[in-house]
Amino acid sequence: MKNMTLKNITAACHGTFHGDSSFLEKEITGVAIDSRKAAPGFLFVPLKGARVDGHTFIPQVMEQGALATLTEEDPSSLTCPCIHVESCEKALRDIAAFYRMQLDIKVVGITGSVGKTSTKETIASVLSRKYNVLKTEGNFNNEIGLPLTIFKIRAKHEVAVLEMGISDFGEMHRLAAMARPDIGVITNIGLCHLENLGTRDGILQAKTEMFDHLQVDGTVILNGDDDKLSTKKEVNGKPVIFYGVGADSAFDIKKDIYATDIENHGLEGMCAKIHTPQGDFDAKIPIPGEHNVYNALAGTAVGLQLGLSIREIAQGIASVQTIAGRTNLLHVKGMTVIDDCYNANPVSMKASLDVLAQADGRKIAVLGDMGELGENECEMHYEVGKYAANQGVDVLFCCGTLSEELAKGAQRGHTQVMYFKTLDKTVS
């Protein structure tokens, strides 16, 4: 790992080194917070959780060949090289920020209320047609997951596509300070995390904290069909690149990249013509749901910024694959199961119901509580229930305390509704 000596790491996290000084010039080979993943040459970061304190595993990781460890506790009891810090979690972020600055790599940072992961997958698929890409895996998009992703970047990688998820003010500042994006993408401003962020304006404020840590010549790419994002016409003195559906805008902006002639092929995916300053092309999007047209547009915008041809972008869009929990189609015993169960909010829930509505045959939806929606959470669940009924869902299973309102909303239609307060009663 470039320039990741114990001396530099100690300075980066404002720690104090304890141990044989000859170790200071040695470079680590990786970083782990899980003792089981601490390989030879690694730096171990022992985080304190609600049930487990990573400090108890320091002897184990050193036996496994780790080079050194961080510690918040008295270092005098340790015989191995260690760096004493006030907070291992903050040190993890500080070290990741230092490592990011050692790397000659383009970073694409992605956030938004809905569609972060699917947009990340599309952008990574597009960029992989030309570059060696590292992307966020799973849900490693928070203040612990993001630094671990950054630590996986190696000399072979040319672009990193990093997803950044938040639930409160200040979090995006800390995430972006680590990622330092060259390109910042925001998918939309929806209705998630209202419990902490209050309103959509609060969400806009929190998401756009990313702009404070863009690279000096950084580019911002925004969904121009979003009423809140469309107000951000310029960032750090540089025009924003907008994308959207249709050439015309309901807001006072010009869409640089837009889609027309959209064709919905049900669970087979979508087709659209994408218009760009470099020319137009026909895009085949192999994932169902009209919202995936926006993912393709974001991928196109990023691809153009990083020098891909129209043909390469089209190939990347056509090659994108779903992951578990994100419009993932499973075929089980003659049934098609749409696995779209990760961290829902009203907008993403309705988008999932739109996909289900396109399926042939009997339609069954299994929905649960949506968290962090604030004071209007009951009304939002009720509205999703009404939407499910209007979309022609034949049977609706609702599970959870808040989902009782969801069930009530659905009962206004012809949908058969089954409500269960707890998960064990739902599956019994």
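The values are calculated or read from the model by the stated rules, or taken from the named source; none is laboratory data. Computed from a predicted model, the values in this text were never measured in an experiment. Methodologically, a virtual Cβ is constructed for each residue, glycine included, from the backbone with ideal geometry; neighbour enumeration extends over all protein chains shown. Just so you know, the surface numbers come from the protein's heavy atoms only, side chains and all, with ligands and any DNA or RNA stripped out. Shrake-Rupley method; radii C 1.70, N 1.55, O 1.52, S 1.80 Å.
Couple of notes before you dig in:
- Hey, residue 196 closer than 26 Å to residue 340 by Cα, part of a loop (DSSP other than H, G, I, E, B) and among the polar types (S, T, N, Q) or not: no
- Note on the range 390-408: residues that are more than 30 Å from the chain's Cα centre (by Cα) and among the small types (Gly, Ala, Ser) amount to 1.
For every residue, the table says whether it meets (1) farther than 23 Å from residue 157 by Cα; (2) under 27 Å from the mean Cα position of the chain (by Cα).
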| position | (1), (2) |
| --- | --- |
| 7 | yes, no |
| 10 | yes, no |
| 13 | yes, yes |
| 20 | yes, no |
| 41 | no, no |
| 44 | yes, yes |
| 49 | yes, yes |
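Residue-by-condition table, conditions (1) of a type in the set (A, V, I, L, M); (2) farther than 20 Å from residue 115 by Cα; (3) in contact with a strand residue (DSSP E or B) (Cβ under 6 Å, 6 or more places away or on another chain):
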{"position": "349", "(1), (2), (3)": "yes, no, no"}
{"position": "360", "(1), (2), (3)": "no, yes, no"}
{"position": "367", "(1), (2), (3)": "yes, no, yes"}
{"position": "401", "(1), (2), (3)": "no, yes, no"}
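- Evaluation of residue 210 against (1) closer than 27 Å to residue 376 by Cβ; (2) touching an Asp or Glu at 6+ places or on another chain (Cβ under 8 Å) (one fails), failing number: (2)
- Out of 336, 415, one residue alone is open to solvent by 30 Å² or more (accessible area, probe 1.4 Å), of a type outside the set (A, V, I, L, M, F, W, C) and modelled with pLDDT under 85. It is 336.
- Complete set of residues in the range 220-239 that are closer than 22 Å to residue 292 by Cα, of a type outside the set (D, E, K, R) and either open to solvent by 10 Å² or more (accessible area, probe 1.4 Å) or in a helix (DSSP H, G or I) (or both): 223, 229, 230
- Residues in the range 281-323 that are free of Cβ contacts under 8 Å to residues at least 40 places away in the same chain and touching a Lys or Arg at 6+ places or on another chain (Cβ under 7 Å) were compared, and the one that is least open to solvent (accessible area, probe 1.4 Å) is 318.
- Yes/no for residue 278 being in contact with a Ser or Thr (Cβ under 6 Å, 6 or more places away or on another chain), open to solvent by 50 Å² or more (accessible area, probe 1.4 Å) and not charged (D, E, K, R): no
- Remark: residue 253 falls outside the filter, which requires a residue to be over 22 Å from the mean Cα position of the chain (by Cα), aliphatic (A, V, I, L, M) and in a strand (DSSP E or B).
- Residue selected from the range 356-365 under the condition among the aliphatic types (A, V, I, L, M) and modelled with pLDDT of 85 or more, by the criterion surrounded by the fewest Cβ atoms within 10 Å (Cβ to Cβ): 364
- Of all the criteria given as (1) free of Cβ contacts under 8 Å to residues at least 24 places away in the same chain; (2) buried (at least 21 other Cβ atoms within 10 Å of the Cβ); (3) aliphatic (A, V, I, L, M), the one not satisfied by residue 45 is (1).
- Hey, residue 212 within 21 Å of residue 150 (Cα to Cα) and open to solvent by 60 Å² or more (accessible area, probe 1.4 Å) or not: yes
- Residue list for the range 162-181, filter: open to solvent by 20 Å² or more (accessible area, probe 1.4 Å) and under 18 Å from residue 124 (Cβ atoms): none
- In the range 366-376, of all residues being at pLDDT 85 or above and open to solvent by less than 60 Å² (accessible area, probe 1.4 Å), the one that is nearest to residue 337 (Cα to Cα) corresponds to 367.
- Test: residue in the range 370-378 that is over 20 Å from the mean Cα position of the chain (by Cα) and among the charged types (D, E, K, R): yes
- Odd one out for residue 393, checked against (1) without any contact (Cβ under 8 Å) to a residue 40 or more places away in the chain; (2) assigned to a loop (DSSP other than H, G, I, E, B); (3) hydrophobic (A, V, I, L, M, F, W, C): (1)
- Scanning the range 56-74 for residues that are free of Cβ contacts under 8 Å to residues at least 12 places away in the same chain, closer than 20 Å to residue 148 by Cβ and either within 26 Å of the chain's Cα centre (by Cα) or open to solvent by less than 60 Å² (accessible area, probe 1.4 Å) (or both) turns up nothing.
- Of all residues assigned to the range 18-33, at least one qualifies as being at pLDDT 90 or above, under 20 Å from residue 101 (Cβ atoms), surrounded by 14 or more Cβ atoms within 10 Å (Cβ to Cβ) and among the acidic types (Asp, Glu).
- Among the residues of the range 59-81, those identified as in a loop (DSSP other than H, G, I, E, B) and either in contact with a helix residue (DSSP H, G or I) (Cβ under 6 Å, 6 or more places away or on another chain) or not β-branched (Val, Ile, Thr) (or both) are 64, 65, 66, 67, 72, 73, 74, 78, 80, 81.
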